[in-house]
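Report on one structure; see the data block that follows.
The values are calculated or read from the model by the stated rules, or taken from the named source; none is laboratory data. Computed from a predicted structure; not experimentally measured. Ideal geometry is used to build each Cβ from the backbone, glycine not excepted, and the neighbour counts take in all protein chains shown. Remember, those area values only see protein heavy atoms, side chains included, never the ligands or the DNA or RNA. Shrake-Rupley method; radii C 1.70, N 1.55, O 1.52, S 1.80 Å.
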Amino acid sequence: MTSLDYLLIALRVAFAAFVPLCFIAVCVWMERRGAGFFQDRSGPNRAAIFGFRAAGLVQNLADAAKLIFKEDVISGHIKHKFIFVLAPVIVFFAALVSFAVVPFADTLVLGGRSYIMQGVPVDLGILWFLALAGFAVYGIILAGWSSTNKYGILGGLRSAAQVISYEIPMALAVIGVLIVYGTVNLNEMAQFQGQLLFGFIPMWGAVLQPLGMVIFIVAAFAETNRTPFDLAEGESEIVAGFHVEYSAMKFAVFFMGEYVALFVSSAIIVTLFFGGYQVPFLATATLIDNARPVAFLLLLLLPVAMYFFAGWIRRNNVSHYPRENDPRAFEAKVYIRGLWGLVVVIELALLAILFFASPGGPAAHIFAALLQVCTFLVKVTLMLFVYVWVRWTLPRFRYDQLQKLGWQILLPLALLNIFVTSAVVVILS
Amino acid sequence: MSARVKTIARRGASLQERLYLIEICKGMATSFGHFFRNLLDNSRLAVRHYPEVPPEIPVRWRGRHRLTNHPDGTMKCVACFMCQTNCPAHCITIEAGERLDGRAEKMPRRFQIDLLECIYCGYCVEACPLDAIRMDTGIYSVNGTRRDAFLLDLTALQAGQGAFPEDDYQKGGA
Amino acid sequence: MADMVKLFVNGVEVEVEAGKNLIDAIGAVGIEIPHLCYHPALGADGNCRMCLVGIEDGRPPLVPACKTPAMAGMKVLLDAEHIRKIQRDVMELELINHPTDCPVCDQAGECRLQDYYMSYDRRQSRMTVPQVVKGKKMAFGCGVVHDQERCVLCGRCVRFCRQITKTGELGIINRSDDARVNIFPGRPLHNRYALNVVDLCPVGAMTSADFRFQQRVWFLKKSPGVCHGCARGCSITVDHNREKEQEARIYRLRPRHNPLVNGYFICDSGRMSYKAEEEGRLNEARHGRLARSVDQALLAVAEDLAQGGKITFILSPDSSLEQMVTIRALAEKLGATLSGFSDGWIIPGDGDDFLIRDDKAANRAGLELLGIDCSRTGFTAAVEAADLVVNCNNDLGRSLSAEELGQLFQSRRLISFASHRREIDNQAEIVIPVASWSEYAGSVINCQGILQHFPRAVVRNQPPMELVELIARLGSPLQSEADCWQELARLPGLPADPATIPTEGLQLNDNEAAHDQP
């Protein structure tokens, strides 16, 4: 083990642990501002530090401060206090750990040694995720039960029933994928999706397994307790469901666990069906070989994109009412300058690659890995946006509709998918 | 007034609608249209930029209470307790006492409105036989850091000023 | 019962008492004839004309109901158009000079003029000329405040002073729209029943200075009660209310009609006796010099009682029968002596021939009925023989001077259950606050031998313990009011259930005082 080994292990573990946590803020921000824009309002945009609102991200800090300093109440009627406190921890922990098997870049080869780019180097892959997703519901059930509250227990029961109903179609949808990819290892799946179908279509799961994708995404929505399947919370009928008795940081842990689960299931969906970390049309090998042209292309595109982005900021980061010396205009100026500074730094890094990276050399490998990480995060963010998008479009299902959809529609479709997939695979081989 | 009947076609019977996924996509397209339009240009958001841009308060709007005065500055209220009797939230507390300014026999010694209990229904204004209590101050935001700050006493109520011209108020009613 | 006759009201046959006037006779079956000047206790005057009714096939066809006795076969017409027109016109006449200052009038809510306006008039005023200006806020003495503008000149107050108190302070002076009720110059109301004119006045012309502006009457909770001011035990209505975030309190006492005891009236001192329920109350239990919770103090009392020795219980002649019988039962159990010594309650010569009695104790007859010794000699002997004296809310300071009390209790341990703060309690080792008569349900026997039961009226924010419950906690064999009544039912004439006592009270026949009718 060289020091490089240790460094990379530390890096990948840190990535798997902290990126989901950072994305909590991104999720919350996207959810709120997204909700605002979907509903023709602006969302949180007032919390500021020295007048800098960071597009509403500062609101997250304010909320965090609030939740941390709030009184942490455990009602007197709660008998099983240990379980009551444990429940949010289970939810959060299960969500966080399930990200450990998701690869965020292809295996990095440096100096003849290959370094796997996922939190925990196990081959369980999708099975690990399925197991932990099922485990998270224990947290919800225990929370509902230990709350000694009728709303809590109803929320917990709904959640349990929902998970049982949707784990099955989800697992069956995964079987179709497994048949196609022939592996449970998520990295191998992502590598498989780097190929091109007929030479011009990325061989993504979405192309090979469209039905499986729909079933899996629907089931993933249900697993993460997101609208339209958030019956476990059901504000209108069971006030807040399983976390009705939770306050302050205990509630915040539930809240964060939910968003980590959101991030993880987005990552899994991306890995299974949208090519994972693969840059479209550029498989890992191609990327390493053509590091220079890609860097050059980025070198050209980045300022152009920044130019338009700066224009957008200037247009939108203003006060839409008469105001003297609009501080938001100043704010926008600062943002634009800061971003241009960032662009210049990236440009310099790209220039360095352009001039010094040899094709197939370590710099090209690192460049490819970084590009893949970025691609992966962009894809995950887009998938997260889909979650938000669906939430603010669809109303919540009724309980019987939920069960009917799970058992009478998704389950037969998943079985049909397995049958057809197997038949096609057998015929083609 | 006869009720107007509007027949709304029941949806969801056709195959396309029952497939559900297509309808979901349509709905998502609609909501994304809103999102994208607002993302490109957030000046078109249907919002009021409160608190910088205050809301326009119509005359009939029920704001914080005040006790009105006669032109000579004496209080109109005679402590008849009609507002307290009619208050569904029991937020008004009056203590009556002898009145010595010759206007009437009786006046409130203490007149307290607990704004934390008030539901701003305006029944007190309706009930007042002397137009002594009004909710026309146009004050829509009452805040404080202590409970006492929400207890309006006689002086605070009397100090309140109407936010509208008298004619408009009389026309608009309350 | 009186003879019943059948007559027709608006063509419907009703059976009413013969001999009574139409207002009372028909009113008894629930048909109201509006009237202002008539009052059952004062007789018919016939000046207000509000009670005019039609008699079909009669001569004359229109008669004042207050002056017309009910007779068999009479056809009384009430809801005809011409009767309603008379009622409207009378109302209009009464309201010509009425200031309609209902918002500041204390009578609003129990005002005949208001009620009749809503029931029989409901028209706008046609008056265009200025109203006659008369005297307002005139102090008539005895706490009566008169407003001449509101007066409808029914003369009830004038007749009350002439017929009932026979003092005749009031009169109607001048004529027509200048007529007004007034006192003679320099001769204010001066009798012990003066405040009854406030109740008698159908409008807000007579108001009580004591109750003035204290409370709107519709907020008041009205509980029946029995006055504890003297041995008469007048039936009263306790008007009390708990204002927001305040202590529940009594605002006034009013007479409650009771033909057996007090008729329609009570005396002024009885009316004002509610103040004693509010002021000078004992609120905290004390053991030695330390404040204690009632429970702690009770434990200490129970220990003291269990130690044995000679114990004497002193009862109050104001206590209810239930309290007396349970204390007697506890005393029997402990082998203690009892005394109801309360000579100080009797003020010779204070009583009159109407309602007020010399004896200011509400239930001395009860003490006698239960065979409890009230004599001074018995009291002195019992206390001197005792090691421990338990005073059950008897204000001994009324009967004995401070020196006498000091001597008596210098070397004796004293435990006091008291509703009010009293001198004597300073010498007590343990003091526990108990409920006063407005805060418990109980029964008393008045000087005429009439047993009356009254429910609990006022519930304080922190209700003091009732004596019956307190004695039960100390180990009385009678653990509840029902137990008390089982014990009381052994006495001749007493029922087993206080709920069977009629509202006007039960005449206990074997009591000598029964002959002492007013």
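Annotation for region C:451-499: trypsin sites (Lys or Arg not before Pro) lying in DSSP loop with at most 14 further Cβ atoms inside 10 Å of their Cβ are C:Arg490. Of C:Glu247, C:Glu277, C:Glu284, A:Glu223, the residue with the largest accessible area leads and the full order is C:Glu284, C:Glu247, A:Glu223, C:Glu277 (1.4 Å probe).
Note on exposure: C:Arg252, B:Arg11 ranked by accessible area (1.4 Å probe, complete protein assembly) read B:Arg11, C:Arg252, with the most exposed listed first.
Rounded, prolate or oblate: which fits region B:66-165 when a ≥ b ≥ c are the square roots of the eigenvalues of the alpha-carbon gyration tensor, with rounded for a/c under 1.5 and prolate only if a/b beats b/c? Prolate shape, in that a/c is at least 1.5 and a/b is the bigger ratio. Note on region B:1-50: Rg/Rh from C-alpha atoms, Kirkwood Rh, equals 1.22. Close amide H contacts of C:Gly168 (hydrogens built in the peptide plane, cut-off under 5 Å, sequence separation of 5 or more or a different chain): C:Arg162. Extending 7 Å from the Cα toward the beta-carbon at both A:Asp400 and A:His80 defines two label points whose distance is 3.2 nm. Annotation for region C:1-37: GluC sites (Glu not before Pro) lying in DSSP loop with at most 13 further Cβ atoms inside 10 Å of their Cβ are C:Glu32.
Under the simplified labelling scheme, the A:Leu11-C:Glu278 pair shows an inter-label distance of 8.5 nm, with each label point 7 Å from Cα along Cα→Cβ. Rounded, prolate or oblate: which fits chain A, taking a ≥ b ≥ c as square roots of the Cα gyration tensor eigenvalues, rounded meaning a/c under 1.5, else prolate when a/b beats b/c? Here chain A falls in the oblate category.
Computed from phi, the 3J(HN,Hα) profile of region C:83-88 under the Karplus parametrisation 6.51, -1.76, 1.60 (θ = phi - 60°) reads 5, 5, 5, 4, 4, 4 Hz, with x in place of Gly and Pro. Rolling a 1.4 Å probe across all protein chains gives B:Leu21 an accessible area of roughly 80 Å². Rolled with a 1.4 Å probe across the full set of protein chains, the surface gives C:Glu110 an accessible area near 60 Å².
If we count chymotrypsin sites (Phe, Trp or Tyr not before Pro) as exposed when they sit in a DSSP loop and have at most 13 other beta carbons within 10 Å, what is the longest stretch of chain A that avoids them all? Here the longest segment lacking exposed loop sites spans A:282-429.
Averaged over the residues of B:43-54, the number of partner chain Cβ atoms lying within 10 Å of the residue Cβ comes to 4.
When peptides B:93-103, B:110-120 are ranked by their average number of other Cβ atoms within 10 Å per residue, the highest-first order is B:110-120, B:93-103. Tilt of helix B:21-40 relative to the longest C-alpha principal axis of chain B, in degrees (0 to 90, nearest 10)? Its long axis makes an angle of about 60 degrees. The phi-based Karplus calculation (6.51 cos²θ - 1.76 cosθ + 1.60; θ = phi - 60°) puts the 3J(HN,Hα) values of region C:90-102 at 5, 4, 4, 4, 5, 8, 4, 10, 6, x, 6, 9, 3 Hz, whole numbers, x for Gly and Pro. Calculate what fraction, in whole %, of the accessible area of chain B sits on carbon and sulfur atoms when a 1.4 Å probe is rolled over the protein chains. Answer for chain B is 55 percent, counting heavy atoms of protein chains only.
When every Cα-Cα distance of region A:286-429 is counted in 5 angstrom steps from zero, the calculated P(r) takes the values 2, 8, 9, 10, 10, 11, 11, 9, 8, 11, 8, 3, 1, 0, 0 percent. With protein chains left intact and a 1.4 Å probe, residues in the protein assembly as shown average 47 Å² of accessible area per residue. Here is the interface size for B with C: some 1500 Å² of accessible area buried, both sides summed, with a 1.4 Å probe. When chains A and B come together, the accessible area they lose, probed at 1.4 Å and totalled over both chains, is close to 2100 Å². For region A:81-185, the set of trypsin sites (Lys or Arg not before Pro) satisfying both a DSSP loop assignment and a count of at most 12 other C-beta atoms within 10 Å is empty. Ranked by solvent-accessible area (1.4 Å probe, protein heavy atoms only, all chains present), the residues C:Asp177, C:Asp147 order from largest to smallest as C:Asp177, C:Asp147. Averaged over peptide B:93-103, the number of partner chain Cβ atoms lying within 10 Å of each residue's Cβ comes to 2. Here each label is just a point 7 Å from Cα along the line to Cβ, and for A:Ala285 and C:Asn426 those points are 11.1 nm apart.
Using the rule -39500 (n - 2.57) for each DSSP H run of four or more residues, divided by the residues of the protein assembly as shown, the 222 nm mean residue ellipticity is -12500 deg cm²/dmol. Does region A:69-180 come out rounded, prolate or oblate by the C-alpha gyration tensor, with a ≥ b ≥ c the root eigenvalues, rounded set by a/c under 1.5 and, if not, prolate when a/b is larger than b/c and oblate if not? Oblate. Note on C:Ser176: accessible area is roughly 100 Å² with a 1.4 Å probe, heavy atoms of protein only.
Its Kirkwood hydrodynamic radius, worked out from the mean inverse distance over all distinct Cα pairs, puts the protein assembly as shown at 39.0 Å.
Shielding by partners for peptide B:29-42, expressed as the average number of C-beta atoms from other protein chains within 10 Å of each residue's C-beta, is 6. At a Cα cut-off below 24 Å, give the lysines reachable from A:Lys250, other chains included and same-chain residues fewer than 8 away excluded. The qualifying lysines are A:Lys66, A:Lys70, A:Lys79, A:Lys81, A:Lys150. Considering region C:440-515, its Cα convex hull presents a mean projected area of 5.8 nm². A Förster distance of 51 Å, applied to the separation of the beta-carbon atoms of C:Gln462 and C:Val29, puts the FRET efficiency at 0.65.
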